[in-house]
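What follows is calculated from the coordinates using simple rules that are stated; it is not laboratory data. Everything numeric here is computed off the predicted structure, so don't read it as measured data. Every residue, glycine among them, receives a Cβ derived from its backbone with ideal geometry; neighbour counts consider all protein chains shown.
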């Protein structure tokens with residue numbers, strides 16, 4: 001499945017085209033803030049894909065920086081040890097029923 005097909009499926013299905021809460025809002029708005037990805041031209045979709053990669057790198061860097069700060073915290077280490085997660089490299093989510101739930 002192509003990047004374009006996955007994004008369109010995400011917008012229509014999982015996200016329900018709720019752009020205000022969308023993971024891809026920042027890169028999408030950088031391409032066109034008046035269109036959804038389904039309406040992007042091929043050139044806009046290529047640009048959007050590059051913005052998504054850039055945005056993901058920034059978020060990953062921020063997450064790593066946060067982890068480094070919290071890593072010394074005994075609460076954080078305990079939370080990670082007691083919190084089951086699911087998903088792969090691209091879609092990790094905390095599973096309900098972890099610590100304090």
Principal semi-axes in Å for segment 1-72 [√(5λ), Cα gyration tensor, largest first]: 26, 13, 11
Quick one: which of 58-69, 41-52 comes out on top by average Cβ neighbours within 10 Å, and what's the full order, highest first? 41-52, 58-69
